[in-house]
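See structure below.
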Amino acid sequence: MRIDKAEVIVTSPDRNFVTLKLTTDDGLTGLGDATLNGRELAVVAYLKEHLVPLLLGRDAHRIEDTWQFLYRSAYWRRGPVTMAAIAAVDTALWDLKGKAAGMPVYQLLGGASREGLLAYGHASGRTIKELFDSIRAHRELGYRAIRIQAGVPGLNAIYGIASNDTFEANEGVRYDHEPAQRGALPAEEDWDTRAYLRHLPGVFEAVRSEFGPELPLLHDAHHRLTPVQAARLGKDLEPYDLFWLEDVTPAENQEALRLVRRHTTTPLAIGEVFNTVWDYQQIVREQLVDYVRSAVTHTGGITHLKKILDYASQYQIKSGMHGPTDISPVGMAAAMHLGLAVHNFGIQEYMMHGERTDRVFEQSFTWTDGHLHPGDEPGLGVGLDLDEAGKYPYITAYLPFNRLADGTVHDW
Ligand code: CS2
Ligand code: MG
């Protein structure tokens, strides 16, 4: 089974997606997600200029060897662009292997370890009323675990708050609001950590008294706190029994989480911006987190993320794969197959894609009673309609950034 053709398809039905399509000499096709929000074209160039020429003629069955070849032959190591490009190749090869074997990818990874994947969605609101409406809307959509993001009095626009008019304005688009107000240049948003830390515990107090103690609640601090601020937030949220508190602090400095861990028992999740096992080495070994957040799409593919999860399982750390709308249906399918197979599955993030995206990508996964299942089609179970994709050309879109009141740039 030799790789005969490699196409890099960029389409923007509801947002930009980059997809690698491999075709073999016996006519099988495999898809891989290479979407890196705000830096899509960098991955397109890496794939087209540096990986596709190396793939043509290779034995598509040699997944591990291809991974090692692409990772080591570059000489330069790691990084989001490189690892997204390698991820797309790796995922497409698993799709091909499944199709050649006539089996869904999860069967090739050891078979199902559960009946379905508990998923969580993104409830948000600028006010408590908007937030409650959003929580109710997500429960209507079937979610049994919900992420809570709230506006902060005095701040105009912050990460994670999709204004409800966006949510309702896209009639027909089920639920594909982009929490980031992407634009042709990075949009400046404002941030005030003290106001956020003062406000958030009250939000969870209100949510727990309205919706009760049972509902699994998550929150994403989105890299914006110092370790001691993160420690304070984790402690302040303990009475509300969160499923997890995510990205409390930028974790380039992995040992920063030691301080947080010393002060709070609120479960921690981190890693959506990580791209290899080396980003997790200390965090996992010292059990500084409870959930690994990486997506297949950003972490070198199924092959490498499974290695990370197997390493994490030795320390009772579970998966919490990243699944916003900037992970394409191909990336989501890969996450579902991997999540179904590994023993240490935790939860799957699932922001439903829009109708236009669902027309470009034909998907076979199911969503039942708050749980996802990848389905039993051979391979990943995802198709890409090239004609439909061709209707939506790339749109330049940057993620926002923050500035503090004194003008200092801050993590968004
Ligand atoms: C967020 C993401 O889903 C999450 O946990 O951190 O929505 C993140 O902001 C986007 O993936 C950035 O592209
Ligand atoms: Mg996040």
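Each value in this text was obtained by applying a stated rule to the coordinates, not by laboratory testing. Remember, predicted model here, so these are calculated numbers, not experimental data. Note that we place each Cβ from the backbone using ideal geometry, even for glycine, and neighbour counts take in every protein chain shown.
Here are a few things to note about the model shown:
- Subtracting the Cα-Cα distance of Thr265 and Tyr398 from their residue separation scaled by 0.36 nm leaves 44.4 nm.
- Charged side chains reduced to their Cβ positions (Lys and Arg at +1, Asp and Glu at -1) give segment 264-412 a dipole of some 360 debye around its Cα centre.
- Global geometry of segment 269-412, whether rounded, prolate or oblate, following the gyration tensor of its Cα atoms and the 1.5 cut on a/c: oblate
- Note: relative contact order over the chain, using C-alpha pairs below 8 Å and six or more positions apart, is 23 percent.
- Within the listed set Arg285, Arg194, Arg62, the residue fluctuating most in the Gaussian network model of the chain (springs between alpha-carbon atoms under 10 angstrom) is Arg194.
- Put simply, the convex hull of the Cα atoms in segment 285-363 casts, on average, a shadow of 5.1 nm².
- Reducing segment 48-62 and segment 118-143 to their Cα centroids gives an inter-centroid distance of 43 Å.
- Over the residues of the chain, the helix contribution to mean residue ellipticity at 222 nm works out to -10000 deg cm²/dmol, using -39500 (n - 2.57) for each DSSP H run of at least 4.
- For the chain, the calculated P(r) over all alpha carbon pairs, in 10 Å bins from 0 to the bin holding the longest distance, is 5, 23, 34, 26, 10, 2, 0 percent.
- Most mobile of Asp358, Asp247, Asp25 in a GNM of the chain (Cα contacts under 10 Å): Asp25
- Global geometry of segment 13-132, whether rounded, prolate or oblate, following the gyration tensor of its Cα atoms and the 1.5 cut on a/c: oblate
- Relative contact order of segment 1-124: 26 percent, from C-alpha pairs under 8 Å at least 6 residues apart in sequence.
- GNM top mover of Pro53, Pro227, Pro13 - the chain, alpha-carbon springs below 10 Å: Pro53
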